[in-house]
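Report on the structure given below.
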Amino acid sequence: MRRAPAGGSGGASIGASPPRREAREKVTGSARYTADVALPGLAHVAVVPAEMIHGRVTGVHPEDALARPGVLAVLHAANCPRLNGTDGADLAVLQSRSVVHRGQFVAAVVAETPRIAHEAARTVRVDYAPGPHRLSPDTPGDGFHRPPDHGPFFPTDCSHGDVEYALSHAPVRIEATYTTPLYHHHALEPHGTVAYWHDGALTVFDTTQGPSGTRDILARLFGISPDQVRVIARHVGGGFGSKAAPRAHLVLAAVAALVVGRPVRTALTREQLSVVAGYRPPTVQRVRLGAEADGRLLAVSHVSFEQTSLTSDHCEYPAAPTRTMYAAPNRETRHWRTRLNVPSPTWMRAPGECPGMFALESAMDELAVACSVDPVELRLRNDTANDPHSGRPFSTRNLAACLRLGAERFGWADRDRLRAERGDGRRLVGMGVAASTIPQYRFPSRASARTDDLDRYTVRIAAVDIGTGARTVLAQIAADTLRVDVERVTVEVGDSAHPAASWAGRSSGTTSWGTAVVRACEGLRSAIGRCGGRVPDGGLEATADTLDELATPRTHSQHAFGAQFAEVTVDTSTREIRVPRMLGVFAVGRVINPVTVRSQLVGGMVMGLSMALCEVGVIDRTYGHFHTRDLAAYHVATFADAPGIEAICIDEEDFHTSPTGSKGVGEIGIVGTAAAIANAVHHATGHRIRGLPLDVRALMEAAEPGNGT
Ligand code: MOS
């Protein structure tokens, strides 16, 4: 039953779970993803990857390829059309002879079919003049430098108080180094683009998390106005950050379409993703905590070392969440980076927070053990109403409520008894906890809302549904603002021809787009009111732009929080770790759609479990290629690995973060998960594993005398 608010005929969509709008299309297989787009005369691209690590291309020999029937063109640096001042050298596709990592595109074949293209690509011979390369820092600290003082969202480093003095005088000290490996995104849908030109205008179907941003970058690259570019992304099969920024295959499709004068498809194979789609860089993090004997923090130092490529300024920022987590009077967070001849890293679900909170929340568990304080109680003791970094109050925090509710639901008070009872000779059992957090961003966006008859309403916004349920959730937001039933609202997303919008990234989609949709729908209601409740011929449309609204400086610190609880079993003979049960309790503002929110949170937790137990990306330190290029070599958790994962949300509303009171939920589920599992492994085994993944080798090493306790 829908509850109609006073004076309205609808308005209870938020908090309900109407089915996903594209659910039927997706489950019946009729949803058309980018690589499914079929156009008359479609040609296909296959890339020729660099077979050396660093140096120059001295010659490309396309003759054999060009002699094959069905081959339309072979592109390389000497014949590729010039692109304008590029947005990042990774998009300067085939613009120079320089090679900075193995696998970089050095040529591409355009042909009538994918098979002809791929077979021809293998016949393109390339001559190289290799130069010296660097694939790993020779010694810890070697070649590391400070990234620029400011990242895109916050200062690179911070320092408050006197950390060294406080650490040297603290009654309890923890000093440890934590490591996380390289992670691949491996969204279900591989990256692809279909591009065509018509009268000097470019249309692309692309696997993107941001149609408007992709449009603007293409316009700059090709020196045309954004009006002449259209980016369409009807369905996107996941991204996790790998589709947040345009990638080389997009540019290649557009440039190839220009050369052959036909529509062109560039569809990457899964093996190509590791090089082209970005990855989360490996981290080495040093955490030092100083505390009173009762566990109250006196000092926190978190310093991270990571890598990037020669062409990207990406920085993961793992120490950033430490700035806002706990109320230590003395704090420092620092980031160091080195440039290697590797493909460029990029954002991946909860960049920074995900590896950073593995380190911090593992260290907090070590502190709890050192102080003999319960790990939940330790976090409660260090809770804070104000953001220690900015000094501003949190819009909402509620970490304590998440910890308390989770402890109660998970049976935390009995954890030592359960360890003893459930463990038998063959299995050790343990429970662990960790906090999670994610900052809340809201980016300027535009939207329109239209009606012709007060019966049907149409909302348009260049948002994109990457599998989160964005279409459905925006329809709920629109329906409640318009005070109509959700079935009467059509939402059109996934097309840069709609009002420009921010990306599906940094857990900001629903807050950013939702704000624009609310404002457009409020505008439409006012317009209807001004017309005396009637719609004139030609209909009524209102548009909104949240740029001015969001220019006001924030008065509050805005973050989501959560508490992750894990139970593990460790087989004493095989040392296999399993996670029969996890519970995440999250404070993420008002829940707009319980089903899609739960899916985001549980999905994030599965990804965190996968990070804890399975995932490790490996670059060959001699030849510079990825050993882990497919899902046979790069292990991800599957259904059987994650039998009992549950996520719940506490009651919360945050109207500083969005007019609907919601916060973003896309990333927080992956934050803290690995630490909760590692902490549970410590509870079960007594071994502290500070480097992921928690695999058999890590447990065997930890069990050697003198290690890992
Ligand atoms: Mo996200 S890693 O900002 O798509």
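Side notes on the structure shown:
- Kyte-Doolittle mean at least 0.0 and Cα axial length at least 30 Å: DSSP H helices in the chain: 509-530
- Each residue of the stretch 63-80 is assigned a 3J(HN,Hα), and the resulting list reads 4, 4, 5, 5, 6, 7, x, x, 7, 9, 6, 10, 9, 7, 4, 6, 10, 6 Hz, derived from the Karplus form 6.51 cos²θ - 1.76 cosθ + 1.60 (θ = phi - 60°), x at Gly and Pro.
- Counted over all Cα-Cα pairs of the stretch 31-119, pairs farther apart than 18 Å make up 51 percent.
- Placing unit charges on each Cβ (+1 for Lys and Arg, -1 for Asp and Glu) gives the stretch 63-170 a dipole about its Cα centre, and among C80, H101, F153 the Cα reaching farthest toward its positive end belongs to C80.
- In terms of the mean number of neighbouring beta-carbon atoms within 10 Å, the peptides 689-699, 432-442 order highest first as 432-442, 689-699.
- At q = 0.07, 0.08, 0.09 Å⁻¹, base-10 log of I(q)/I(0) for the chain (Debye sum, equal scatterers on each alpha carbon): -0.50, -0.65, -0.82
- Extents of the stretch 334-383, largest first, come to 46, 20, 15 Å (Cα atoms, principal axes, whole angstrom).
- The stretch between A640 and N84, if pulled fully straight at 0.36 nm per residue, gains 195.2 nm over its current Cα-Cα span.
- Extension gain from H145 to D455, taking 0.36 nm per residue of separation minus the Cα-Cα distance: 105.6 nm
- For the stretch 77-163, the solvent-accessible area with a 1.4 angstrom probe is 51 square angstrom per residue.
- Amide proton proximity set for D654, modelled H, under 5 Å, gap of 5+: R590, G661, S662
- Local net charge near V109, Cβ-Cβ under 10 Å (Lys/Arg +1, Asp/Glu -1): +1
- Fraction of beta bridges assigned by DSSP in the chain that are antiparallel (%, nearest 5): 75 percent
- Check: the chain dipole with +1 on Lys, Arg Cβ and -1 on Asp, Glu Cβ, in debye: 660 debye
- Atom-type composition of the exposed protein surface of the chain places 51 percent of the accessible area on carbon and sulfur (1.4 angstrom probe).
- Under 5 Å, built H, 5+ apart or other chain: amide partners of T338: H145, E306, Q307, T308
- Count Lys and Arg as plus one, Asp and Glu as minus one, and take only other residues whose Cβ is under 10 Å from that of G241; the net charge is then +3.
- Taking amide hydrogens as placed 1.01 Å from N in the peptide plane, the amide H of R688 sits under 5 Å from those of T709, each at least 5 positions away in sequence or on another chain.
- The simple spin-label model puts a point 7 Å past each Cα toward its Cβ; for T28 and L547 those points are separated by 4.2 nm.
- Accessible area of the stretch 577-704 divided out per residue, in Å², using a probe of 1.4 angstrom: 34 Å²
- Calculated [θ] (222 nm, deg cm²/dmol) that DSSP helices of n ≥ 4 give over the chain, each run adding -39,500 (n - 2.57): -8000 deg cm²/dmol
- The residue among P318, A257, V473 whose Cα reaches farthest toward the positive pole of the charge dipole of the chain, with charges on the beta-carbon of Lys, Arg, Asp and Glu, is A257.
- Charge-dipole axis of the stretch 552-691 as Lys and Arg at +1 and Asp and Glu at -1 on Cβ define it, positive-most pick from S610, H625, F565: H625
The values are calculated or read from the model by the stated rules, or taken from the named source; none is laboratory data. Nothing here was measured: the structure is a model prediction, and the numbers come from that model. A quick note on method: Cβ atoms are made from the backbone with ideal geometry, for glycine too, and the neighbour counts reach across all protein chains shown. All accessible areas refer to the heavy atoms of the entire protein, side chains included, with ligands and DNA or RNA removed. Shrake-Rupley method; radii C 1.70, N 1.55, O 1.52, S 1.80 Å.
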